[in-house]
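Just below is one structure, and these are the notes that go with it.
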Amino acid sequence: MALPPGDLIAAEPPAAEEIQAVPVRHYGRWVATVVVAAIAVSIVHSMASNPNFQWGVVRHYLFDSRITAGVVVTIELAVAAQALGIALGILLAVMRLSPNPLISGSSWLYIWFFRGTPVLVQLLFWSFIGALYRTISLGIPFGPSFIHLNSNSLITGFMTVLLGLGLNEGAYMSEIVRAGIISVDDGQTEAALSLGMTRLQTMRRIVLPQAMRVIIPPTGNEAISMLKTTSLALVVAFTELTTAAVNIYSNNFETIPLLIVVSIWYLAITSVLYVGQYYIERHYARGSSRELPPTPLQRVRRGVFSARHDPVAMGAVADVARPHA
Amino acid sequence: MTEPMVKAEGVHKRFGRLEVLCGISLEVGRGEVMCIIGPSGSGKSTFLRTINHLERINRGRLYVDGVLVGYREHRGKLHELPDGEVATRRAEIGMVFQRFNLFPHMTSLENVIEAPRQVRNVPKAQAIAEATDLLTRVGLSDKLDSYPSQLSGGQQQRVAIARALAMKPKLMLFDEPTSALDPELVGDVLDVMRGLARDGMTMIVVTHEMGFAREAADKLVFMDAGVIVEAGDPREVLANPQHERTKAFLSKVL
């Protein structure tokens, strides 16, 4: 039977008012919430009530001058080594993508060596560099040299750790940078070249800024990892945060509280890095999505302003508050 | 007689063992519009890309404005040009791509001023003024601060045309500029291209838009399997093709 044409379009909308449906009850989630909360409370309770944690000692050493000095050294080391790693990584990645086989090959060799040996072993090597080369001189290879330096005075404890961690990091960063570069569409390079830009301009202005979106998250990973890897300085007897704590507890045997102190500091610095990464990611996300969500700061500011200056918004809020008034 | 803007003499191009161009010879005069049509894989896009040396040719000679493309001839030997000189010559040839290839991290305005600022060191204020003019000419004066992701395909392609024009090119190459667009948006882009043709720009357009070829082109070239099968006045070729291959192709697309 053929329908009369009018039947295809409902004559009257069945319900014009807003839908107020009863939400699905998630009983499983309630159970899970109770279980998780119970576990959390018992953990916190045991940590607070177990006297072996010695929270008093933790509080005493948290801002001890040796510890805070260690924090400063750790930050300096991590920043310098990560910066060295990023600079080397960009250089190695660009070399790796070079059409010249000698250049790309030497980059490959570097990466192969530094990723293939433990960073702990590399650190120890740098600390014994004085045994391998007594003096280090700058000059023309196989020709005259201009500057002579004693290895042991040039490669200080800081330099040992910086070189050990930075050169190793360069190998890992180069793979991250290379992944970023090859993630950018070839059409971008073609468009830039067709406009008369040189290869270097194309890389710097067009390819790298877009590659950053892929490069930043794993680099944040690397930076956080670097922060904690500086604790390997312990094996070359260079004093940063962890070594400072170890030095203290090997005298007073307050091992657990000092390890807690160290953990609190690493967690605090890592949290700061999270914030940094969030804003750097936003910067390089320009043009990628139609509108970026507001930052926490913008959200607070907008909330304050709309409440104060926007009577319509206030009215709307008031209406929602009393739906049946 | 004045020198043609583009002159190709027996241009060959191989990718590995695959012959993509097998002896292309043609001339495009100053202010002329040439449309190149043909089935996909016929080598028409590859030929377009050889003109600004995005692809290097294996045999033959290619001249733009009387100057050899990509090489310097000295005592009967060809010398490759250094990157800088290739870049300088490319700056005088605008190119528009099928997939737009706008820089997604820059606004429309930044896309257009990028090359004048970087390549020609044009002062910022002047570059912005010229870019604003160009974007107004392609009908996008209200989209200066929009990122490509906020624009429709047709708008993106018009920004791409403005970006190429910002370098004040003497020749414009269009590689299927409307093939990636919704049918509704094709017209806006073709209008801009017609305007350019009227203003006397020398253009080579690889296209499937037969209507545009018929009314805007001075010459029509039909390519297949790396050779020019037929060339001539567009109305003539489209209405009365001489070759079987041309007839077969046109019967499918018209």
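Counting heavy atoms of the protein chains only and a 1.4 Å probe, report the per residue accessible area for region B:1-153 as a whole number of Å². Let's see the in-between values first.
Details: 7180 Å² over 153 residues.
Using a 1.4 Å probe on heavy atoms only, each residue of region B:1-153 averages 47 Å².
So what's region A:187-278 giving for Cα Rg divided by 2.2 N^0.38 Å, two decimals?
Details: Rg = 21.4 Å, N = 92, 2.2 N^0.38 = 12.3 Å.
Computed over Cα atoms of region A:187-278, the ratio equals 1.75.
Using mean Cβ contacts within 10 Å as the protection proxy, how do B:30-39, B:136-145, A:96-105 order, highest first? Each step should come with its number before you reach the end.
Values: B:30-39: 21.8, B:136-145: 15.9, A:96-105: 12.4.
Output ranking for B:30-39, B:136-145, A:96-105: B:30-39, B:136-145, A:96-105.
Which lysines, if any, have their Cα less than 29 Å from the Cα of residue B:124, not counting same-chain residues under 8 positions apart?
List returned: B:143, B:168, B:170.
Please say if the protein assembly as shown is rounded, prolate or oblate, where rounded means a/c under 1.5 for a ≥ b ≥ c the square roots of the C-alpha gyration tensor eigenvalues, and otherwise the choice is prolate for a/b larger than b/c and oblate otherwise?
The shape class here is oblate.
Quantify how much of the Cα-Cα distance distribution of region B:108-254 extends past 21 Å, in percent.
For region B:108-254, the share of Cα pairs beyond 21 Å comes to 50 percent.
Solvent-accessible area per residue for region A:1-160 at a 1.4 Å probe radius, Å²?
Heavy-atom SASA per residue in region A:1-160 reads 75 Å².
Where does chain B land on the Kirkwood hydrodynamic radius, alpha-carbon pairs, in angstrom? Write down the numbers at each step before the final one.
Values: mean 1/r = 0.0528 Å⁻¹.
It is 18.9 Å.
Could you rank B:193, A:212 by how accessible they are, 1.4 Å probe, largest area first?
Result, largest first: A:212, B:193.
Of all beta bridges DSSP finds with both residues in the protein assembly as shown, what is the antiparallel percent, to the nearest 5?
Within the protein assembly as shown, antiparallel bridges account for around 65 percent of the total.
Can you list residues from other chains, or at least 5 along the same chain, whose modelled amide H is less than 5 Å from the amide H of residue B:96?
For residue B:96, the qualifying residues are B:173, B:174, B:175.
Given q = 0.07, 0.13 Å⁻¹, what are the Debye log10 I(q)/I(0) values for chain A, with equal point scatterers placed on the Cα positions and solvent ignored?
For chain A, the Cα-only Debye profile gives -0.54, -1.18.
Going by amide H atoms built from the backbone, whose H comes under 5 Å of the H on residue B:31, apart from near neighbours?
The list, which skips near neighbours in sequence, is B:202.
Once a ≥ b ≥ c are taken as the square roots of the eigenvalues of the Cα gyration tensor of region A:100-143, is the result rounded (a/c under 1.5), prolate (a/b larger than b/c) or oblate (a/b not larger than b/c)?
It is oblate, given that a/c is not under 1.5 and a/b is not larger than b/c.
Round to the nearest 0.05 the FRET efficiency obtained for residue B:180 and residue B:19 when R0 = 22 Å and r is the Cβ-Cβ distance.
Between residue B:180 and residue B:19 the formula returns 0.20.
Which one of A:94, A:108, A:154 has its Cα pushed farthest toward the positive end of the charge dipole of the protein assembly as shown, where Lys and Arg give +1 and Asp and Glu give -1 at the Cβ?
Towards the positive end, the residue furthest out is A:154.
How big is the Cα convex hull of region B:33-112 in projection, averaged over all directions, in nm²?
7.4 nm²
For region B:88-93, take each phi angle, set θ = phi - 60°, evaluate the Karplus expression 6.51 cos²θ - 1.76 cosθ + 1.60, and give the result in whole Hz per residue in order, putting x for glycine and proline.
Karplus values, whole Hz, x for Gly and Pro: 4, 6, 5, 4, 8, 10.
I'm checking a number: the convex hull volume of the Cα atoms of region B:66-175, normalised per residue, in Å³. What is it? Kindly include the intermediate steps, with their values, before the conclusion.
Numbers: hull volume 12.6 nm³, N = 110.
Value for region B:66-175: 114 Å³ per residue.
Placing +1 at every Lys and Arg Cβ and -1 at every Asp and Glu Cβ, with all other atoms neutral, what dipole size does the protein assembly as shown have around its Cα centre, in debye to the nearest 20? Present the calculation step by step, with values, prior to reporting the outcome.
Working: 54 positive and 51 negative charges, 277 e Å.
Computed about the Cα centre, the dipole is about 1340 debye.
Give the long-range amide H neighbours of residue B:230: residues separated by 5 or more places, or on another chain, with amide H under 5 Å away, using H modelled in the peptide plane at 1.01 Å from N.
Answer set, sorted by chain and number: B:222.
In nm, what is the difference between 0.36 nm times the number of residues separating residue A:131 and residue A:50 and their Cα-Cα distance?
Using 0.36 nm per residue and subtracting the Cα-Cα distance, I get 24.2 nm.
Averaged over peptide A:204-213, how many Cβ atoms belonging to another chain are found within 10 Å of each residue's Cβ?
Per residue, the average neighbour count from other chains is 3.
Excluding residues on the same chain fewer than 8 positions from residue B:13, give the lysines whose Cα lies under 18 Å from its Cα.
B:44
To the nearest Å, what is the center-to-center distance of region B:127-171 and region A:52-124, using C-alpha atoms only?
Cα centroid of region B:127-171 versus Cα centroid of region A:52-124: 45 Å apart.
Using a Gaussian network model on chain A with a 10 Å cutoff between Cα atoms, which of A:162, A:267, A:200 fluctuates the most?
A:200
Can you compute the FRET efficiency between residue A:268 and residue A:98 using 1/(1 + (r/R0)^6), with r the Cβ-Cβ distance and R0 = 30 Å? Round to the nearest 0.05. Could the numbers behind the result be given before it?
Values: r = 42 Å, r/R0 = 1.39.
With a Förster radius of 30 Å, E is 0.10.
The values are calculated or read from the model by the stated rules, or taken from the named source; none is laboratory data. Note that the coordinates shown come from a computational prediction; the quantities given were computed from them, not determined experimentally. Every residue, glycine as well, gets a Cβ built from its backbone with ideal geometry; the counts of neighbours run over all protein chains shown. Just the protein is used for accessible areas: all its heavy atoms, side chains included, with ligands, DNA and RNA removed. Shrake-Rupley method; radii C 1.70, N 1.55, O 1.52, S 1.80 Å.
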